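Undergrad: What follows is a structure written as structure tokens; I'll ask about it next.
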Amino acid sequence: MADETIDILLTGFAEADLRPILAALAALGRKATSGDVVNDNDAAFVLAAAYDERGLRSMRAAALEDTRPWCFCVSAQDRALIAAASLAREGALLLLPPEGRELKRTLSTLAEEARERSSGDAAFLGLSRLEADFSWPTTAFDVSRVSRRISRLLVEAGFYDSRAGEDECALSLEEAFVNSVEHGNLELDSSLRPDDSLQEDRYEAEREKRLADPAYGGRRIRLALEIAEEEAVLTIEDEGPGFDTSGLDDSPSGLDVSGKGFWLIKQPFDVAVYNAKGNKLTLTRRRHLERTNGSQGAR
């Protein structure tokens, strides 16, 4: 099923936000409808707006009762609500008003999740040992699909025991992969991140230009995955110049302009650490019951 054929349910949106997001979805060729989750069961996934923590709690409760993938949409100006939504393990996070690139990426992630859930395939149930190495050229790397497939594998192998844990893991991996692609291999400066439509167009144009340049687009993304009994270790490596890891802020206050960052990446893992160069990230997850709080050890 192609992403573009998947219906999207919008729920909880104020009129001022509903019209722009409907227009943005239409521009991407997506069919969306506004309604409530109880009476509209046809849409494949849900975008739910929350304007305060009470509303967010209500949406999280509804997501737990629903079998579809969810995404919580909150104002980019409300940092407290962003932090709360980042911890919401029942769904992904999207800031309002959405950047076109971020909206497209979120929809791709939700569509992939919908496909995974509908397939009913559980090929890795009971898996106790695995060693695998993957490598992709930057131009061929599908961030959303790889993130979802790896998180699904970890669920089946027993490292997460709920859909919420899988969602949190997929969101973490997606952020880490995007960092490796855009700020690693493509060397796009984080200061260029768009905060209006004109800057977004410039960012996208520069991104496409570098993807077409073999000096950047020809670089590879590498993923190593090792599962040994009670521990899973993932290593994500790019071929970029790296960065100064001493400036990492791993607290909720360290959220970047897109509401994510290293703090979000480390949430579903017990350990998250970069190498000295800053181009290799190692994530460790131990096999235990899911916790209500974030990771216990991180760099």
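The values are calculated or read from the model by the stated rules, or taken from the named source; none is laboratory data. Bear in mind the structure is a predicted one, so any value in this text is a computation, not a measurement. Cβ sites come from the backbone with ideal geometry, for glycine too, and all protein chains shown count toward neighbours.
Undergrad: So which residues in region 219-260 are surrounded by 15 or more Cβ atoms within 10 Å (Cβ to Cβ), assigned to a loop (DSSP other than H, G, I, E, B) and modelled with pLDDT of 80 or more?
TA: R219, D238, E239, G240, G242, F243
Undergrad: Could you please let me know if W70 is within 30 Å of G217 (Cβ to Cβ) and of a type in the set (F, W, Y)? So that I can check it myself, show each step before the final result.
TA: Numbers: within 30 Å of G217 (Cβ to Cβ): no; of a type in the set (F, W, Y): yes.
It is false that W70 is within 30 Å of G217 (Cβ to Cβ) and of a type in the set (F, W, Y).
Undergrad: Still on this structure, please answer the following. Anything in region 154-169 that is surrounded by 19 or more Cβ atoms within 10 Å (Cβ to Cβ), out of contact with any Asp or Glu (no Cβ under 7 Å at 6 or more places or on another chain) and not acidic (D, E)? List them, or say none.
TA: Within region 154-169, L154, A157, F159, R163, C169 meet the criteria.
Undergrad: Name the residue, out of R60, R148, R89, that is assigned by TED's automatic domain parsing to the domain that holds E229 and crowded, with 21+ Cβ neighbours inside 10 Å. Talk me through it step by step, then tell me what you get.
TA: Working: R60 fails: assigned by TED's automatic domain parsing to the domain that holds E229; R89 fails: assigned by TED's automatic domain parsing to the domain that holds E229.
Result: R148 is the single residue among R60, R148, R89 that is assigned by TED's automatic domain parsing to the domain that holds E229 and crowded, with 21+ Cβ neighbours inside 10 Å.
Undergrad: Kindly indicate the residue of region 182-197 that is over 18 Å from W136 (Cβ atoms), touching a helix residue (DSSP H, G or I) at 6+ places or on another chain (Cβ under 9 Å) and not in a loop (DSSP other than H, G, I, E, B) and also modelled with the lowest pLDDT among those meeting that condition.
TA: This residue is S197.
Undergrad: State whether the residues of region 97-105 include one that is buried (at least 20 other Cβ atoms within 10 Å of the Cβ), modelled with pLDDT of 85 or more and either closer than 15 Å to T11 by Cβ or over 14 Å from the mean Cα position of the chain (by Cα) (or both).
TA: Yes, because at least one residue in region 97-105 is buried (at least 20 other Cβ atoms within 10 Å of the Cβ), modelled with pLDDT of 85 or more and either closer than 15 Å to T11 by Cβ or over 14 Å from the mean Cα position of the chain (by Cα) (or both).
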